[in-house]
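Below: one structure, written as structure tokens.
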Amino acid sequence: MRKIKLGIPKGSLQEATLGLFKKAGFNINVGERSYKPSIDDSEIECLLIRAQEIAKYVEQGVLDVGLTGKDWITETNADVQEITSLIYSKTGFGKVKLVIAVPENSSIKSVKDLEGKRIATELINITKDYLKKNKVNAEVEFSWGATEVKVPELVDAIAELTETGTSLKANNLRIIDTILESTTKLIANKKSMSDKWKKQKIEEIALLLNGALEAYSKVGLKMNVERENLDKLLSLLPALKKPTISNLSDDKWVAIETIIDEKIVREILPALKKAGAQGIVEYSLNKVIE
């Protein structure tokens with residue numbers, strides 16, 4: 001049986017990625033000491049690999065497809081095909097930023113003030129390119145972790161990935177500049193994408209993952225309403241397309257079903273009730289594919 005090799009990011013993105021795959025319909029189980037998770041799809045073989053390494057393994061063909069951040073694709077200069085962007089992170093659904101941060105009481109106010117300073121980061125190449133573009137000469141050293149605690153005793157500044165900046169603030173650091181924004185990418189080996197079967201399988205995975213990601217922020221709504229109140233109620237309902245309207249056994253009533261952003265449900269439910277909606281049901285979604 002033909003298979004594709006899929007790289008799942010080990011570490012901070014691991015749980016969020018496994019959750020996304022589950023919502024997409026794939027159940028992946030990770031053993032405590034195994035780097036080969038099991039998956040309930042006989043056409044996929046999973047490997048659990050650090051996000052920092054996935055792009056290079058995809059480029060080399062060790063993996064057919066994998067998920068990693070745009071930052072690591074750029075850092076490793078990997079020659080891969082980006083299939084789709086998946087905007088999720090370890091704690092939510094936003095982008096992460098690579099920022100330059102310094103102690104709160106530091107005299108460093110801008111990138112120009114980094115001249116002659118020492119910077120610690122995991123993303124050495126990106127940081128060096130950033131400094132070069134700004135015509136700043138500074139020493140950049142690799143950080144093996146716990147980067148935030150290295151200032152000011154060991155280095156003058158750090159280049160660190162952050163989602164909210166909360167951890168930086170907790171360590172009395174302030175951001176002076178953003179180097180880049182990064183999102184999770186589904187990437188594929190270029191040779192694998194020239195194989196018809198693998199290309200189709202990878203595109204199917206992308207479709208399901210995007211559908212699952214889209215569903216996180218939306219819910220379905222069902223309700224009944226008298227025909228005489230239908231136009232008024234429809235004017236209150238945002239929808240992906242148009243709501244589905246079905247006849248009920250009582251000709252005076254219809255059933256309405258639609259999909260809306262979850263964040264607005266609490267705002268419109270009272271208005272829907274006031275407009276005559278009855279039997280309102282809200283339900284969660286696994287996938288939304290447009």
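The values are calculated or read from the model by the stated rules, or taken from the named source; none is laboratory data. Predicted model, so just to flag it, every value in this text is computed and none were measured. So basically every Cβ, Gly included, is an ideal-geometry build from the backbone, and we count neighbours across all protein chains shown.
Things to note:
- Criterion violated by Val140 - all others in (1) farther than 12 Å from Ala101 by Cα; (2) β-branched (Val, Ile, Thr); (3) within 25 Å of the chain's Cα centre (by Cα) satisfied: (3)
- Near pairs, Cβ below 8 angstrom, 6+ apart or cross-chain, from the stretch 266-281 (touching a residue at least 12 places away in the same chain (Cβ under 8 Å) and assigned to a strand (DSSP E or B)) to any residue that is of a type in the set (Lys, Arg) and loosely packed, with under 15 Cβ neighbours inside 10 Å: Ile280/Lys273
- Lys5 at pLDDT 95 or above, surrounded by fewer than 21 Cβ atoms within 10 Å (Cβ to Cβ) and of a type outside the set (Phe, Trp, Tyr): yes
Residue-by-condition table, conditions (1) crowded, with 17+ Cβ neighbours inside 10 Å; (2) farther than 22 Å from Phe21 by Cα; (3) under 18 Å from the mean Cα position of the chain (by Cα):
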site: Glu75; (1), (2), (3): yes, yes, no
site: Gln81; (1), (2), (3): yes, no, yes
site: Lys97; (1), (2), (3): yes, yes, yes
site: Val102; (1), (2), (3): yes, yes, no
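- Qualifying residue in the stretch 252-264 (condition: among the basic types (Lys, Arg), loosely packed, with under 11 Cβ neighbours inside 10 Å and closer than 30 Å to Glu204 by Cβ): yes
- Residue match in the stretch 20-39 (condition: at pLDDT below 95, touching a Pro at 6+ places or on another chain (Cβ under 8 Å) and either in a helix (DSSP H, G or I) or among the hydroxyl-bearing types (Ser, Thr, Tyr) (or both)): no
- Condition met for Asn125 (free of Cβ contacts under 8 Å to residues at least 60 places away in the same chain and either under 16 Å from the mean Cα position of the chain (by Cα) or outside the structural domain of Trp197 (by TED's automatic domain parsing) (or both)): yes
- Restricted to helices (runs of 4 or more DSSP H) entirely inside the stretch 163-253, those with at least 2 residues that are within 28 Å of Gly19 (Cα to Cα) and either in the same structural domain as Ala271 (by TED's automatic domain parsing) or over 23 Å from the mean Cα position of the chain (by Cα) (or both) are 196-215.
- Selection status of Leu285, more than 30 Å from Leu209 (Cα to Cα), touching a helix residue (DSSP H, G or I) at 6+ places or on another chain (Cβ under 7 Å) and of a type outside the set (D, E, K, R): no
- Considering the conditions (1) under 22 Å from the mean Cα position of the chain (by Cα); (2) part of a loop (DSSP other than H, G, I, E, B); (3) not small (Gly, Ala, Ser), Cys46 is excluded by exactly one of them, (2).
- Residues of the stretch 142-159 that turn out to be of a type outside the set (Val, Ile, Thr), crowded, with 17+ Cβ neighbours inside 10 Å and more than 15 Å from Leu114 (Cα to Cα), as a count: 3
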